Amino acid sequence: MSRVKQRRSVPRVRPVVFVQGGGKDVHDSWDNKLVASLQQALGPGYAVHYPRMPDEGAPDPTAWKRVIARELRKLNVAVILVAHSVGAAILLDYLADGDLHQLSGVFLIAPPFIGDGGWPSDSLRPTKELVANLPDGVPLHIYQGGHDDIVPVSHSRLFEKAIPHATVRRLAGRDHQLGDDLSELARDVTLLK
């Protein structure tokens, strides 16, 4: 009697790349809590990659984009992108460059709107200019704390006007770090196809 080996199906782990915000010690003292919350809420079916950005206290968009591109090249499946604060603005600028990997979705936490009504920048293009170059058909979600004292809630309204297909969630009583709770974002990630 011959034995037939049964193949076990290996669960597919979906990669998530998290781009930190800017500021002194943000990677290890602030956004690491967001990453931990996200990984816990997503569970073992997801692997959150959290690259350290260079000179986080004085973000250079060109250098950060190189790190994002390098991280995405390592992965050979559709990726979920999550970014916080100035990292979200840099990620949007990167996405508008058009050198894209396969994307399942883009999730931005407290992104500053660059340009009229938002933050000025000499190194990032105005958000309104980027919109036409963002990838088609990729779900875009924006999360804004109602008590964010760094990126005002008015920025989320500017995003609604500039990117009408984006899902914008304003979370009452939450700060710039969303209270270190990304459960709403994780729920939206799990709804992706």
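Can you name the residue in the stretch 35-55 that is in contact with a His (Cβ under 9 Å, 6 or more places away or on another chain) and open to solvent by 30 Å² or more (accessible area, probe 1.4 Å) and, of all such residues, is nearest to Phe107 (Cα to Cα)?
That would be Tyr50.
Between a first residue in the stretch 129-144 that is more than 15 Å from Leu100 (Cα to Cα) and a second residue that is open to solvent by 10 Å² or more (accessible area, probe 1.4 Å) and part of a strand (DSSP E or B), which pairs have beta carbons less than 6 Å apart while being 6 or more apart in sequence or on different chains?
Once the first residue is more than 15 Å from Leu100 (Cα to Cα) and sits in the stretch 129-144, its partners that are open to solvent by 10 Å² or more (accessible area, probe 1.4 Å) and part of a strand (DSSP E or B) give His141/Thr167; Ile142/Val168; Tyr143/Arg169; Gln144/Arg170.
When you go through (1) within 22 Å of His176 (Cα to Cα); (2) open to solvent by less than 50 Å² (accessible area, probe 1.4 Å) one by one for Asp60, which number turns out not to apply?
For Asp60, the exception is condition (2).
Would you check if there is a residue in the stretch 77-86 being out of contact with any strand residue (DSSP E or B) (no Cβ under 6 Å at 6 or more places or on another chain), of a type in the set (S, T, N, Q) and open to solvent by 20 Å² or more (accessible area, probe 1.4 Å)?
No.
Testing His27 on (1) open to solvent by less than 30 Å² (accessible area, probe 1.4 Å); (2) closer than 14 Å to Ile109 by Cβ; (3) in a helix (DSSP H, G or I), one condition comes back false. Which one is that?
Of the numbered conditions (1) open to solvent by less than 30 Å² (accessible area, probe 1.4 Å); (2) closer than 14 Å to Ile109 by Cβ; (3) in a helix (DSSP H, G or I), the odd one out for His27 is (2).
Given (1) surrounded by 15 or more Cβ atoms within 10 Å (Cβ to Cβ); (2) out of contact with any Phe, Trp or Tyr (no Cβ under 9 Å at 6 or more places or on another chain); (3) assigned to a strand (DSSP E or B), where does Leu124 come up short, assuming only one miss?
(3)
Determine whether the stretch 161-181 contains at least one residue that is at pLDDT 95 or above, within 17 Å of the chain's Cα centre (by Cα), assigned to a loop (DSSP other than H, G, I, E, B) and polar (S, T, N, Q).
Within the stretch 161-181, one or more residues are at pLDDT 95 or above, within 17 Å of the chain's Cα centre (by Cα), assigned to a loop (DSSP other than H, G, I, E, B) and polar (S, T, N, Q).
(1) crowded, with 16+ Cβ neighbours inside 10 Å; (2) in a loop (DSSP other than H, G, I, E, B): which one isn't true of Asp136, the others all being true?
All conditions are met except number (1).
The values are calculated or read from the model by the stated rules, or taken from the named source; none is laboratory data. All values derive from a computational prediction rather than experimental measurement. Glycine also receives a Cβ, built like all others from the backbone with ideal geometry; neighbour counts cover every protein chain displayed. Only protein heavy atoms, including side chains, enter the accessible area calculation; ligands, DNA and RNA are left aside. Shrake-Rupley method; radii C 1.70, N 1.55, O 1.52, S 1.80 Å.
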